[in-house]
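Below is one structure, written out as structure tokens, with a few remarks after it.
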Amino acid sequence: MLIGTMNHPARPIPEQIQWLGEMGFDFLDLTLEPPHASSWNIDAPAIKRMIEANNLRVVGHTAPFLPIASPVEELRQAALFEFRRCIDVFQRVGVQWMNVHPGISPMHDRAFTVDRNLESLRDLLIYGRQKAVGIMIENLPDRFNTAQQLSELLDPLPELGLHLDIGHANLMTASNTTREIIAAYGHRLKHVHLHDNRGGNLDLHLPLGAGNVDVADSVTALKSCGYDGTITLEVFATDLNHLLYSRNVLQQTWSGSPEPLRKQHAAL
């Protein structure tokens, strides 16, 4: 199991890569978003050198707001242009898998939305194959957050990987859908995001233990499908000690000894 985290696109990338290396993380979840990580400005060779110098691996993350299911064809094509540019950057940096967030089609029915997503994903899979960068779809609250909903994208596209966001699986559902998604598509799992929240519709990205996501059960579910790959701690906190604490929680939970952390948490 490899633990990493994302760069904050509002801060320069080099200092974040250096911090990840100094703190002993395993990989960078490189998110290509402006202002400091825009695909059209990033120096891919320099980023690759920094990643390698800090003994890190790298996974590709893209902006969640790109409208790949827009009913306006020009907007959908613009999103695909940006995704292809991201794929080019990721290839030069050494990324093997890039995530994509499903899009929405306002004022249209679900069948239209699914078809637009599939059309875009087919194009990206073809381009990614040419560049040796795999494409994986991330579950999102409400519209693509159950095994049945994800099946509408995964079943028609057997080449498409699964990017499971365990925090998202806890939002806008009667119960956390991590187990059902893994049961159905664990064999397609390529990458994981882990963060905490309190359910409902607020994607809070809290440190582990600050909400009601069952980290131990999530780890058990991941192990049940044989997953032992990359896990991004998508914890949004100004104080990076919360990120380091979350890493300790994950490491000790994965090793099967979370009790010391429970005592430590109770003492805070």
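None of the figures in this text is laboratory data; all of them are computed from the coordinates on show. Bear in mind that the values here come from a model prediction, so they are computed numbers and not experimental data. Ideal geometry is used to build each Cβ from the backbone, glycine not excepted, and the neighbour counts take in all protein chains shown.
Before moving on, here are some points about what is shown:
- Those residues of the stretch 93-124 which are among the basic types (K, R) and in contact with a helix residue (DSSP H, G or I) (Cβ under 9 Å, 6 or more places away or on another chain), in sequence order: R110, R116
- Subset of the stretch 180-204 [surrounded by 17 or more Cβ atoms within 10 Å (Cβ to Cβ) and of a type in the set (G, A, S)]: A184, G186
- Here L204 qualifies as without any contact (Cβ under 8 Å) to a residue 60 or more places away in the chain and under 19 Å from H61 (Cβ atoms).
- Annotation: Q18 fulfils all but one of (1) in contact with a Lys or Arg (Cβ under 6 Å, 6 or more places away or on another chain); (2) farther than 12 Å from G60 by Cα; the unmet one is (1).
- Selection from the stretch 122-177 of residues that are assigned to a loop (DSSP other than H, G, I, E, B), of a type in the set (D, E, K, R) and within 21 Å of G229 (Cα to Cα): E159
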